[in-house]
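Working notes, beginning with the structure itself.
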Amino acid sequence: MSSSARLSPAQLKFYHDQGYLLGLPPIFSAEEMKRINAELPRLLALLRPGETTNEMREWHHASTYLYEIVMNPRILDLVEGILGPDFYVWGSHFFIKEPRSPGTVPWHQDAYYWPLSPFNTVTVWIAFDDVDEENGGMKLIPGSHLGGLIKHRHKDDANSIIQLELEQGTFNANDAVQFRLKAGEVSMHNDKAVHGSQANPSDRRRAGLTIRYSGTNVKADLKVSPDFVAHLCRGVDTYGHTPYAAAPTARYGRKDYRRKDRID
Ligand SMILES: O=C(O)CCC(=O)C(=O)O
């Protein structure tokens with residue numbers, strides 16, 4: 001796909017009011033997605049015995065296969081609409097739910113996890129498969145980003161893909177919007193938007209790559225996250241508080257962390 005699309009004023013208003021965006025033009029054609037999916041096993045092969053796909057975080061630092069996705073100009077055009085001309089990418093994380101798998105993502109706000117300030121981070125979630133209510137597609141509470149951070153608690157559940165969840169009673173799950181995407185399409189969400197996803201009881205895989213972009217004004221607390229490192233996507237960084245890494249050179253590589261306590 002070659003044409004790029006900028007967000008319209010109506011889409012920007014919707015994002016700022018509701019905390020998410022759907023209905024965006026596809027980033028990758030069906031043909032391109034087929035090629036991208038055909039390569040995925042080469043990356044999965046880097047998982048060590050006992051590891052799950054949940055370990056596939058920030059591997060764009062080590063793999064040009066992923067780096068090309070997170071730096072895709074069509075994605076960056078969308079992000080630029082929200083963050084403005086100067087921003088970096090620091091996070092990527094696969095959320096892969098195999099057919100008939102029990103993994104859930106409990107309701108949470110991303111920003112609660114992150115030692116980043118100010119709040120100026122947008123997530124792009126790119127669908128590797130068609131995703132909907134049947135295979136555990138994401139749900140989000142519109143407008144929930146307009147309040148502050150809500151207290152989270154530890155989720156003690158082997159099926160939970162992440163470790164913290166919102167206290168019950170702090171939001172109304174009935175207000176949630178169901179995300180539906182075709183493979184190659186993206187959703188976008190605000191760092192304070194309440195969202196989560198259920199298990200995948202279907203016969204279809206539900207794979208997505210979540211990518212985190214922040215304005216260059218966003219500062220990571222490096223005492224909390226000493227491994228934090230980014231790639232400048234567009235513009236200039238006049239703030240100078242973000243460590244930047246060189247682009248990867250290998251097609252397939254993995255990022256390993258010194259600390260078990262990762263940022264997302
Ligand atoms: O893929 C999912 O179900 C959840 C993803 C998520 O929580 C995120 O992208 O922030």
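Step by step: first the residues of region 224-245, then only those that are over 25 Å from ARG48 (Cα atoms) and without any contact (Cβ under 8 Å) to a residue 40 or more places away in the chain, then the one that is most open to solvent (accessible area, probe 1.4 Å). Which residue is that?
Restricting to residues being over 25 Å from ARG48 (Cα atoms) and without any contact (Cβ under 8 Å) to a residue 40 or more places away in the chain, the top hit is TYR239.
Exactly one condition in (1) open to solvent by 20 Å² or more (accessible area, probe 1.4 Å); (2) modelled with pLDDT under 95; (3) within 14 Å of the ligand (Cβ to nearest atom) is false for HIS152; which is it?
Only one criterion in (1) open to solvent by 20 Å² or more (accessible area, probe 1.4 Å); (2) modelled with pLDDT under 95; (3) within 14 Å of the ligand (Cβ to nearest atom) is unmet by HIS152, namely (1).
Of the conditions (1) open to solvent by less than 10 Å² (accessible area, probe 1.4 Å); (2) within 13 Å of the ligand (Cβ to nearest atom); (3) within 30 Å of ASN172 (Cα to Cα), MET56 satisfies every one except a single condition; which number is it?
That leaves (3) as the condition not met.
Does ALA250 satisfy the criteria of being free of Cβ contacts under 8 Å to residues at least 60 places away in the same chain, over 28 Å from PRO25 (Cβ atoms) and in a loop (DSSP other than H, G, I, E, B)?
no
Among the listed residues THR216, THR210, identify the single one that is within 14 Å of the ligand (Cβ to nearest atom) and surrounded by 15 or more Cβ atoms within 10 Å (Cβ to Cβ).
That would be THR210, the only listed residue that is within 14 Å of the ligand (Cβ to nearest atom) and surrounded by 15 or more Cβ atoms within 10 Å (Cβ to Cβ).
Which residues, taken from region 14-24, are more than 18 Å from the chain's Cα centre (by Cα) and open to solvent by less than 70 Å² (accessible area, probe 1.4 Å)?
Hit for region 14-24 is ASP17, nothing else.
Residues that are open to solvent by less than 30 Å² (accessible area, probe 1.4 Å) and among the hydroxyl-bearing types (Ser, Thr, Tyr): find the strands (runs of 3 or more DSSP E) completely inside region 82-131 holding 1 or more of those.
Result: 87-97, 121-127.
The values are calculated or read from the model by the stated rules, or taken from the named source; none is laboratory data. Note that the structure is predicted; figures quoted are calculated from it, not measured. As a convention, Cβ positions derive from the backbone with ideal geometry for all residues, glycine included, and neighbour counts pool all protein chains shown. Surface accessibility is based on the protein's heavy atoms, side chains included, excluding ligands, DNA and RNA. Shrake-Rupley method; radii C 1.70, N 1.55, O 1.52, S 1.80 Å.
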